[in-house]
Amino acid sequence: MNTKKILGIFICMLVMTTIPVAAGATINKEPQTSDIGFTTLQGVIFGLKNINGGDLIEFRCLFVHYIATGMAQRTTGFRYGGQMMVIPGSFRGALMPHVIMGWCPGQLEI
């Protein structure tokens with residue numbers, strides 16, 4: 001094979017790999033959960049609303065403490081000052097207009 005064919009194949013492969021990136025196929029805007037573990041949430045919230053047909057719950061955090069427990073890791077932290085948080089609709093616990101206390105099956109990607 002001559003060098004022009006090899007260079008043409010290389011450029012074609014380069015273009016093929018950039019198409020999904022340009023289309024935004026590699027960006028996950030929705031939080032993904034795993035099947036193992038759970039996440040506990042407790043705190044004060046505002047701006048509670050259901051999105052995606054009730055499959056997700058979105059709210060702003062005035063002060064929320066979360067603990068995401070997985071198979072081999074545990075992530076803890078705080079959300080505060082109006083930061084947006086999205087949790088799955090399978091939330092178990094007390095979810096009132098200004099208070100959240102409970103847990104979600106699966107470890108949230110926070």
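Solvent-accessible surface (1.4 Å probe) assigned to Thr76 amounts to roughly 80 Å².
Quick one: order Leu56, Leu7 from most to least accessible surface, probe 1.4 Å. Can you show the working numbers first?
Working: Leu56 20, Leu7 100 Å².
Sorted descending by solvent-accessible area, the residues read Leu7, Leu56.
The H on the amide N of Gly37, modeled in the peptide plane, is under 5 Å from the matching H of Gly106, each at least 5 residues off or on a different chain.
The values are calculated or read from the model by the stated rules, or taken from the named source; none is laboratory data. Source: prediction; values computed, not measured. Heavy atoms of the whole protein, side chains included, go into the accessibility calculation; ligands, DNA and RNA do not. Shrake-Rupley method; radii C 1.70, N 1.55, O 1.52, S 1.80 Å.
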